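Read through the structure below, which is laid out as structure tokens, and then see the notes.
The values are calculated or read from the model by the stated rules, or taken from the named source; none is laboratory data. Everything quoted here is computed from the prediction, not taken from an experiment. Positions of Cβ are generated from backbone atoms using ideal geometry, with glycine treated the same way; all protein chains shown enter the neighbour counts. Just so you know, the surface numbers come from the protein's heavy atoms only, side chains and all, with ligands and any DNA or RNA stripped out. Shrake-Rupley method; radii C 1.70, N 1.55, O 1.52, S 1.80 Å.
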Amino acid sequence: MLSDRSIELLSSTASLCPHCLRRIPAIREQQGETVYQVKQCLEHGTFRTVIWRGSVPFSSWMRPKKPSMPHQAFTAIKEGCPFDCGLCPSHGQHTCTALIEITGRCNLHCPVCFADAGAASEETEPSLPQISFLYDRIMTASGPCNIQLSGGEPTVRDDLAEIIAIGRAKGFSFIQLNTNGLRLAANPEYAVTLQQAGLASVFLQFDGMKSTTHIALRGRDLRQIKEQAIQHCAAAGLAVVLVPTLVPGINTAEVGAIIDYAVRFAPTVRGVHFQPISYFGRYPQAPADEDRLTLPELLGLIETQSSGAIRAEHFAPPACEHALCSFHGNFLIDEDGRLIPLGNRQTACCSTAVPPLAMPSALAGREKSVAFTARQWSLPPLPTAAAAPCACSTETITQPLDDLDRFLQRARTHTFSVSAMAFQDVWNLDLERLQGCCIHVVSPAGNLIPFCAYNLTASSGRSLYRKGSRP
């Protein structure tokens, strides 16, 4: 029997049957500090999946969000969510970040890969005119937004610089590369070429500090390669975000060490973006609760492994996507390498949480989110000279900086973000969350598909949108 308080936290939602991708009703059920999503399928029985577990109260994290509809919907409502993605007219958030998958090829064979990369051939890749069309579709659907070039491994394409230049010419000012870093590490001039084409940021796969972690998740020890890639990006003037996939029992004990490592390479490394593992692909049985890592558990790991220097209260739910999808904390790195929080639970990543009646327009919130991410994940401008020569003298006049001056100067170059994104799989998919998604993959046909829907699979491995099963 649920308590009255638990009943108040129940939210009517819907999901898909893990076996057949058929829509079924579901509820959120709270037991103590743990919240489950419960699905009841007439054919396959009841499924219970943990979605919130830890010391951060579920009710304190949730916050209202105004929808921000797509500028132009490309698909009509026929079968209902999530079968009409394109985006359809009922989607509640237009694009903040659009992913273009420019290849299905990859130069790694990772045991963990949501994109099922590596089996494709060069002949199946979109041509430059096709990629130009995809850029145009994104602009039509949502206007200028942040672009991430993905795959597969995008650097296997020799025309990657041309692809970046096309996007910049189309009016996309922030283009980020999602990469394993192998080619960036192999050739320092390659990073320079991409930067000159207009690349702003590198989203670098980075799973841990131990060789055993890399071997378990990527099939080989990549530690030296990752560091070489960071160094080459630094020399070329490219910003880097480290992106660990977190798997319980594999690398969850390395969360604090990864943050410490990233800080060492600031300001080139702009932050760490954790991604708890999602179970796409063939999983005949539901992942056990111990196979899951929820957002509040990750906040607890950060607090514990930083010895309390970084606390859960320094993080806030997102201002753009659904509150259960992510968290973000922004920090200043002081001269001693310590992270000084620049916000708290009351401050979202790019706007201030306020009562519903006082909320800014959804469009304004979206624009702030896009600009904030682009600014934080780009290389900061070079500091200006602290002193200028007098017009009547050849000597330089210098004045000591006060505490405020030092803070402002440091803040221009050494802000640092720690964030996480909890992607959904078929076992924990929540259509309420999906309809608020702002991270979209543009399909080969030019439709914009929420990231989790695009990668969604039944337990048999059958895809909802990927592999050409839908447009």
The FRET efficiency for Gln72 and Ala445, from their Cβ-Cβ distance with R0 = 25 Å and rounded to 0.05, is 0.95
Among Leu160, Ser211, Thr179, which residue has its Cα furthest toward the positive end of the charge dipole of segment 123-274, with +1 on Lys/Arg Cβ and -1 on Asp/Glu Cβ? Ser211
Taking 7 Å along the Cα-to-C-beta vector as the label spot, tell me the Ser60-Leu404 distance in nanometres, rounded to one decimal. 3.3
In whole angstrom, and with the biggest value first, how far do the Cα coordinates of segment 212-271 range along each principal axis? 35, 22, 14
How many percent of the accessible area of segment 191-262 is carbon or sulfur, using a 1.4 Å probe? 48
Using a 7 Å offset from the Cα along the Cα-to-Cβ direction at both Asp289 and Ser132, what is the distance between the two label points in nm, to one decimal? 5.6
Using only the heavy atoms of the protein chains and a 1.4 Å probe, how would Ser307, Ser15 rank by accessible area, largest first? Ser307, Ser15
Counting helices only, and only those DSSP H runs with n ≥ 4, report the 222 nm mean residue ellipticity of the chain as the sum of -39,500 (n - 2.57) divided by its residues, in deg cm²/dmol to the nearest 500. -7500 deg cm²/dmol
Let me know the charge dipole size of the chain about its Cα centre in debye, to the nearest 20, where only the beta-carbon of Lys, Arg (+1) and Asp, Glu (-1) is charged. 760
Please list 259-267, 27-35 highest first by mean number of surrounding beta-carbon atoms within 10 Å per residue. 259-267, 27-35
For the pair Asp158 and Glu33, how long in nm is the line joining their label points, each one 7 Å along Cα→Cβ? 5.6
Which percent of the accessible heavy-atom area of segment 407-448 goes to carbon and sulfur, probe 1.4 angstrom? 61
Please compute the Cα-Cα pair-distance distribution of the chain with 10 Å bins starting at 0, giving whole percents from short to long. 4, 20, 31, 28, 12, 3, 1, 0, 0
FRET efficiency (Phe265, Ala169; Cβ distance; R0 41 Å; to 0.05) is 0.85
From the square roots a ≥ b ≥ c of the eigenvalues of the alpha-carbon gyration tensor of segment 49-110, which class results: rounded (a/c under 1.5), prolate (a/b over b/c), or oblate? oblate
Report the extension gain between Glu227 and Ser90 in nm, rounded to one decimal, defined as 0.36 nm multiplied by the number of residues separating them, less their alpha carbon distance. 44.9 nm
Hey, can you rank 82-93, 320-331 by average C-beta count inside 10 Å, highest first? 320-331, 82-93
With r as the distance between the Cβ atoms of Ala257 and Leu332 and R0 = 22 Å, compute the FRET efficiency 1/(1 + (r/R0)^6) and round to 0.05. 0.60
Normalise the Debye intensity by I(0) for segment 187-292, one equal point scatterer per Cα, no solvent, then take log10 at q = 0.10, 0.12, 0.22 Å⁻¹ and round to two decimals. -0.33, -0.46, -1.15
Tell me, what are the semi-axes, in whole angstrom and largest first, of the equivalent ellipsoid of segment 179-219 as set by the roots of 5 times the Cα gyration tensor eigenvalues? 25, 10, 7
Tell me, in nm to one decimal, what length is gained between Glu313 and Ser460 on full extension, where the rule is 0.36 nm per residue of separation less the Cα-Cα distance? 48.9 nm
Let me check against my output: what whole-number percent is the relative contact order of the chain, with C-alpha pairs under 8 Å and at least 6 apart? 19
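By per-residue mean of other Cβ atoms within 10 Å, what is the highest-first order of 67-74, 100-107?
Descending packing order for the listed peptides: 100-107, 67-74.
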Averaged per residue, the 1.4 Å probe accessible area of segment 235-314, protein heavy atoms only, in Å², is roughly 36
